[in-house]
1. Among Glu139, Glu109, Glu78, Glu134, which is the only one that is modelled with pLDDT of 95 or more, away from the ligand (no atom under 16 Å from the Cβ) and in contact with a His (Cβ under 6 Å, 6 or more places away or on another chain)?
2. If you check every pair at least six apart or on different chains, which have Cβ atoms under 8 Å apart with a residue in region 45-56 that is over 17 Å from Ala81 (Cβ atoms) first and a residue that is open to solvent by 50 Å² or more (accessible area, probe 1.4 Å) second?
3. Any idea how many residues of region 204-214 are within 10 Å of the ligand (Cβ to nearest atom), closer than 20 Å to Val190 by Cα and either among the acidic types (Asp, Glu) or surrounded by fewer than 23 Cβ atoms within 10 Å (Cβ to Cβ) (or both)?
4. Only one residue in Gly234, Gly217 is more than 15 Å from the chain's Cα centre (by Cα) and within 16 Å of the ligand (Cβ to nearest atom), so which one is that?
5. Give the number of residues within region 57-102 that are among the β-branched types (Val, Ile, Thr) and part of a strand (DSSP E or B).
6. Could you give me the residue pairs with C-beta distances under 7 Å whose first residue belongs to region 215-237 and is open to solvent by less than 40 Å² (accessible area, probe 1.4 Å) and in a helix (DSSP H, G or I), whose second residue is at pLDDT 95 or above and away from the ligand (no atom under 15 Å from the Cβ) wherever it lies, and which are 6+ apart or on separate chains?
7. So, of the residues in region 79-123 that are over 25 Å from Gly174 (Cβ atoms) and free of Cβ contacts under 8 Å to residues at least 24 places away in the same chain, which turns out to be surrounded by the fewest Cβ atoms within 10 Å (Cβ to Cβ)?
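The values are calculated or read from the model by the stated rules, or taken from the named source; none is laboratory data. Predicted, not measured: the structure shown is a model, and the values here were computed from it. So basically every Cβ, Gly included, is an ideal-geometry build from the backbone, and we count neighbours across all protein chains shown. Just so you know, the surface numbers come from the protein's heavy atoms only, side chains and all, with ligands and any DNA or RNA stripped out. Shrake-Rupley method; radii C 1.70, N 1.55, O 1.52, S 1.80 Å.
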Amino acid sequence: MKSPIFAANWKMHHGPSDATTFMRSFLAHSPRRSDRTVLIFPPALSVAAVVASLHERQDVLVGVQNIHWEDKGAFTGEVSAGIARDAGARVALVGHSERRHVFGETDEETALKCAAAARAGLTPMLCVGELLSEREAGETAAVVLRQLHAGLSRLEPGQLTSLAIAYEPVWAIGTGKTATPDDAATVHAVLRKALRELAGERGAKVPILYGGSVNRGNVSELLAARDVDGVLVGGASLDATGWSAIVGS
Ligand code: PGA
C-alpha cells in the first residue's frame, strides 16, 4: 500500500488572511489520515499564518516555494532556508519550472539551494522536467537526469536520502495537458534508477512526486502509476473544497 504525498503549490496566491481562511475550511473538510501526508507551499509571507492554523495537525507540513542559497547577508528581497525554517517551514521547493524558466535559475543554483536547505534542516524537493521541444526531440530522460545530478551534486552522501523529487514536465504545468500515467511512470522509473545508483536502497526510497495539471479527475490514476509517490498540485490546490477532495481521493 502506498502512502501518498499531496503537495499544494499556491504560487503567488493566498496572502496571510486568505491562507488562514483556506486552512480553516480545508482542515474542517479533511480529517487527519495516517495513510497520507499533506504539504502546503504558500507564498513565504503566508507560511507563518498556515503554520499557526495547524494547531495539532502534525499530518500537514508547510514548505516554501524558493530559498536563497546563502545563509544570510546583503541579499535584499531574498529569504534564507534558516529564516524559512524559523517561520515553521520544513520543506523547500528548489528549481520549480517557473524559477528556471521565468527567473532564469540555473542547475548550479539549484545545487546551491538544495545544499542550503539541507544545512538549515529543510527537506529539499528538487523539481525537474523537460520542455515540450525537449520531449519531442526524445531528450526527456537526458534532461531530467542532468537536472537531477546537477541539483543533488552539492549534497553530502548522508543528505541524499532526506529529500524529495518532483517530476513536472514544463508543457504540463498550468496548461491542462497532463502526462499520461504511463508517461509519468516511465520518467519516474528513470529517476528512481538514478537515485538508487546515487544512494543505494535508501536512495530508491526518496519520494518522487508528479506535477503538471493534476486535478480531481486525474489524481487517482496518476497516483496508481508505478513509482508515483505523490502529486504536486498548482491551480487545483487553490480552492479549499477542491483541495480537500483531491487529498481525500
Ligand atoms: P499546475 O501547477 O497544477 O497548475 O499545473 C503545478 C506546479 O507548477 O507545481
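1. On the way: Glu139 fails: in contact with a His (Cβ under 6 Å, 6 or more places away or on another chain); Glu109 fails: in contact with a His (Cβ under 6 Å, 6 or more places away or on another chain); Glu134 fails: in contact with a His (Cβ under 6 Å, 6 or more places away or on another chain).
Selected residue: Glu78, the only one of Glu139, Glu109, Glu78, Glu134 that is modelled with pLDDT of 95 or more, away from the ligand (no atom under 16 Å from the Cβ) and in contact with a His (Cβ under 6 Å, 6 or more places away or on another chain).
2. That search, which allows pairs on different chains as well, returns Ser46/Pro16; Ser46/Asp18; Ala49/Pro16; Ala49/Ser17; Ser53/Arg24.
3. Matching residues across region 204-214 total 0.
4. Numbers: Gly234 fails: more than 15 Å from the chain's Cα centre (by Cα).
The conditions single out Gly217.
5. Quick first cut of region 57-102, residues among the β-branched types (Val, Ile, Thr) only: 60, 62, 64, 67, 76, 79, 83, 91, 94, 102.
Right, trim to part of a strand (DSSP E or B) and you get 60, 62, 64, 91, 94.
Within region 57-102, residues that are among the β-branched types (Val, Ile, Thr) and part of a strand (DSSP E or B) number 5.
6. Listed pairs, sorted by first residue: Leu222/Pro181; Leu223/Pro4.
7. Looking only at region 79-123, we keep the residues that are over 25 Å from Gly174 (Cβ atoms), and these are 80-83, 85-88, 90, 108, 111-112, 115-116, 118-122.
Next, only the ones that are free of Cβ contacts under 8 Å to residues at least 24 places away in the same chain stay: 83, 86.
Working: Ile83: 18, Asp86: 12.
The residue in question is Asp86.
Yes/no matrix, rows are residues, columns are (1) within 16 Å of the ligand (Cβ to nearest atom); (2) in a helix (DSSP H, G or I); (3) open to solvent by less than 30 Å² (accessible area, probe 1.4 Å); (4) of a type in the set (Lys, Arg):
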| position | (1), (2), (3), (4) |
| --- | --- |
| Leu126 | yes, no, yes, no |
| Leu148 | no, yes, yes, no |
| Ile165 | yes, no, yes, no |
| Trp171 | yes, yes, no, no |
| Ala194 | no, yes, yes, no |
| Arg202 | no, yes, no, yes |
